[in-house]
Amino acid sequence: MLLNDYLQQQQQDHSVPSSLTDVLLSISQACLHINQAVRLGALGNILGSAHTGNVQGEEQKKLDVLANQILINTLTSQPAVAGLASEEEESFVRANQHGEYLVLFDPLDGSSNIDVNISIGTIFSILRKPAGELNTESFLQSGRQQVASGYVLYGPQTILVLTVKHGVAMFTLNQDNKFQLTQDKPIIPVQTAEFAINMSNQRHWQAPMQEYIAELLAGKTGKRGKDFNMRWVASMVAEVHRILVRGGLFTYPQDQRDPSKPGKLRLMYEANPMSLLVEQAQGAATNTQQNILDIQPTGLHQRVAVVLGSKEEVDYLTAKHQHI
Ligand code: AHG
Ligand code: MN
Ligand code: MN
């Protein structure tokens, strides 16, 4: 089944509005363009730095800038879109006055992987536009309010994963350059023996995280009584995809370096859309204190600690943080 047919079916079975499926199709079109650029690599002159910085002070790669531009161009010409917010744009972008939806995105996730040909992706989140004048507050809705979210993984295969809140669907880009349904309603196993964390930050972690990872590393002879495997791709899209396929725990914790910075990942462009997918696949997502989808955002670019994946493991790590 192709993406178009899947979305038609969601319209019929779950009354998903056709305007929302239009937005999803526009996003998929934009991602096809990004995919073409990714596949060309050096031949498309898309590797390396753009020699500019974004609002968060991070160096932008050529592909960060290109992917952002492709999404903005495509989505501002989609009538159902009222406004956009991007990790790479300081303020929101106005689209169409009568649009019903807001689209928030991380145009290119895993930027440090671009030049070394390791998996990267695009992450998106869709909210309803509240009535009245469009302003920054219009975007500051909790993750629970999302009507859809998803990502495109530019890996060995190009894969689109989305939810319209009736489970998760996975599509693989076929030889005709069309997204074809390859897995419907994946379920994340509740238990796991695989974790993902950037171990190089260990000395900065807070006590509960130190204790938790030490337990996992102790393996069979430790408190957990089993051996754990570790993976770190440095691209959240790839990590979440692995978790949707075979389970696992992913965390990018808050650490002691800068108390004003609660973690590295962005609530609106990374944590919320991924948490919705994970929850729709029966996994869990918290910031160690509350469910990520319940956080009331205060700023477009706000950061958040993230723990997500297999439910029992997320609950175990979250519980460890309750007695501090
Ligand atoms: P982005 O490329 O959009 O800035 O996001 C990268 C994020 C996330 O995808 C990944 O989990 C994490 O940053 C990797 O961080 P480290 O380089 O610190 O491992
Ligand atoms: Mn990112
Ligand atoms: Mn990015």
> From PHE228, PHE171, PHE250, which residue is in the same structural domain as GLN282 (by TED's automatic domain parsing), crowded, with 23+ Cβ neighbours inside 10 Å and more than 16 Å from ligand 3 (Cβ to nearest atom)?
Replying inline: PHE250
> Can you tell me which residues in the stretch 82-116 are open to solvent by less than 50 Å² (accessible area, probe 1.4 Å), out of contact with any Pro (no Cβ under 9 Å at 6 or more places or on another chain) and within 11 Å of ligand 1 (Cβ to nearest atom)?
Replying inline: PRO107, LEU108, ASP109, GLY110, SER111, ASN113, ILE114
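Say we look at the stretch 117-131 and pick out the residues that are of a type in the set (Gly, Ala, Ser) and open to solvent by 10 Å² or more (accessible area, probe 1.4 Å); which of these is farthest from ligand 1 (Cβ to nearest atom)?
ALA131
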> Which numbered condition trips up GLN8, out of (1) over 21 Å from the mean Cα position of the chain (by Cα); (2) surrounded by 14 or more Cβ atoms within 10 Å (Cβ to Cβ); (3) more than 15 Å from ALA169 (Cα to Cα); (4) at pLDDT 95 or above?
Replying inline: (3)
> When you look at VAL65, is it touching a strand residue (DSSP E or B) at 6+ places or on another chain (Cβ under 7 Å) and away from ligand 3 (no atom under 16 Å from the Cβ), yes or no?
Replying inline: no
> So GLN157 clears everything in (1) in the same structural domain as ALA214 (by TED's automatic domain parsing); (2) farther than 24 Å from GLU313 by Cα except one condition, right? Which one?
Replying inline: (1)
> Of the residues that sit in the stretch 133-146 and are in contact with a Phe, Trp or Tyr (Cβ under 9 Å, 6 or more places away or on another chain) and assigned to a helix (DSSP H, G or I), which one is surrounded by the fewest Cβ atoms within 10 Å (Cβ to Cβ)?
Replying inline: THR136
>> Filter the stretch 147-157 down to the residues that are crowded, with 22+ Cβ neighbours inside 10 Å and either more than 27 Å from LEU63 (Cα to Cα) or more than 16 Å from ligand 1 (Cβ to nearest atom) (or both) and list them by number.
In response: ALA148
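The values are calculated or read from the model by the stated rules, or taken from the named source; none is laboratory data. If you're wondering where the values come from, they're calculated on a predicted model, not measured in any experiment. In this analysis, Cβ positions are derived from the backbone assuming ideal geometry, glycine residues included, and neighbour counts consider all displayed protein chains. The area values use the complete protein model at the heavy-atom level, side chains included, leaving out ligands, DNA and RNA. Shrake-Rupley method; radii C 1.70, N 1.55, O 1.52, S 1.80 Å.
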